[in-house]
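Here the structure is laid out as structure tokens; the discussion comes afterwards.
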Amino acid sequence: MRESEDLLVIIRHAPHSSNCLREGLDAALVGAAFGQSVRLLFMGQGALALCREQQAGAPGQKASLPIIDMLEMYDIDQLNVPKRTLDDLNLPLETLVDGVTPLSEQEVKALFSQNRPILNF
Amino acid sequence: MDYGLLVMGAPYSHSAPHSALRFAHAVLARGHQLVGVFFYHDGVHNASTLMTPPQDELNLRDAWQVLHEQHDVALDVCIAAALRRGVVSQSEAARHGYDTFNLEAPFELTGLGQLLTLQQRCDRLITFAS
Amino acid sequence: MILHILTTPPTSEVAQQVEQAIQAGDTLLLTEAGVTAALNPDLHCWTQADYAVFLLEEDLVARGLASLAASHGLATVDIDGFVALTEQHPQSVTWY
């Protein structure tokens, strides 16, 4: 058995690009429902999942923002984005939902601990 | 050591399932226990009994089944990801009123919680995805 | 110590994500399309000294790049060595 350090779920896919985002968030929710403490890291295109103005996509393509809004109910309040991602995408922090914490390069590296379970989506 | 694998690529679309299968055999050859393989995202297509590759190509579903039969490896398929993509067991087919199904033992439809259990239970969880 | 497994070309956005995550003492294993890094020994991953880098031999051979990797003197492991790397590293992250 692993020690129960918090689960790191990495989201790297944007809304409406593939189902990786939804299925990654589902894994985070299930982890939380199983009593694991969960931290989310939105890297690269994954940061777009946090855009506060996003909507549903093509007909039948559900919006993923409601899942982001649900995270807090599951006590997932660690929503991290590398500052580097915001710079690379030219994505202002103000366009994202509340409660997002930008991380420095060192803080991002520190998340990758060998004792922490990690799932990369 | 106890190993688990997470497979998230579809067969014949991506190399992830082939890479995972090769790794699985290497894990066993080194004397480890392969506890289970969890199929998620597009990886759920590995379970389809209807996959029909040409005769000179490996049938990946059959290859996973052999792994189960010879080494008792659990083959768990995320139920939500599978149903969405049309990978359905007999009982789910009955529930939804379909007259056909394409997932059967030794593959098992299971909740996503099984992935987290596998991760906690195993010394190593290795992901193969595309 | 984390084993990072990169399955995409070294020029991909995914490869940049690995750079953000990898730390001194970690190991980088290049598999699938990741082995195309063998084409260019001047890439950052080959010139840095903070972490070890290996190419997966079988994927090199499949893509016809094995002799090139050897001529560049790049380190490889076979599939058995891949498993050995996972034994040595308590945690692995696959980047795809």
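Values quoted throughout were computed directly from the atomic coordinates according to the rules given, and no laboratory measurement underlies them. For clarity, every value in this text was computed on a predicted model and none was experimentally measured. Cβ placement follows ideal geometry from the backbone for every residue including glycine, while neighbour counts extend to all protein chains displayed.
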**Complete:** At 25 °C and 0.890 mPa s, the Stokes-Einstein diffusion coefficient in µm²/s for the protein assembly as shown, with hydrodynamic radius from the Kirkwood sum on alpha carbon pairs, is 118 µm²/s
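What is the packing order of peptides C:19-27, B:15-23, A:86-94, taking the mean over residues of other C-beta atoms within 10 Å and listing the highest first? Don't skip to the answer; put the middle values down first.
Details: C:19-27: 17.0, B:15-23: 22.3, A:86-94: 11.7.
Top of the packing list down: B:15-23, C:19-27, A:86-94.
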**Asked** Mean shadow of the range A:41-82, computed from the convex hull of its alpha carbons, in nm²?
**Response** 3.3 nm²
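Rounded to a whole number, what is D in µm²/s for the range A:7-120 from Stokes-Einstein with the Kirkwood radius over alpha-carbon pairs (10 °C, 1.306 mPa s)?
Reported coefficient: 112 µm²/s.
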**Request:** Quick one: compute the contact order of chain C, relative version, from alpha carbon pairs under 8 angstrom and 6+ residues apart, as a percent.
**Result:** 38 percent
**Item:** Label-to-label distance, nm, for residues given as C:E19 and C:M1 (7 Å Cα→Cβ offset)
**Value:** 2.6 nm
**Asked** Using Cα atoms only, what is the angle between the long axis of helix B:60-71 and the major principal axis of chain B, expressed in degrees (0 to 90) to the nearest 10?
**Response** 50 degrees
**Message:** Give me the percent relative contact order of chain A, please, defined on Cα pairs under 8 angstrom at least 6 residues apart.
**Reply:** 35 percent
**Asked** Taking Cα centroids, how far is the range B:13-59 from the range C:1-57 in Å?
**Response** 24 Å
**Fill in**
Counting other chain Cβ atoms within 10 Å of each Cβ in B:118-128 and taking the mean gives 6
**Request:** With a point put 7 Å past each Cα toward its Cβ, work out how far B:M51 is from A:S104 in nm, to one decimal.
**Result:** 4.7 nm
**Fill in**
Normalised per residue, the volume inside the convex hull of the alpha-carbon atoms of the range C:2-95 in Å³ amounts to 80 Å³
**Fill in**
A correct Stokes-Einstein calculation for chain B, using the alpha-carbon Kirkwood radius, 25 °C and 0.890 mPa s, returns a whole-number D in µm² s⁻¹ of 168 µm²/s
**C:W46 paired with A:D77, simple spin-label distance in nm, labels 7 Å along Cα-to-beta-carbon** = 4.9 nm
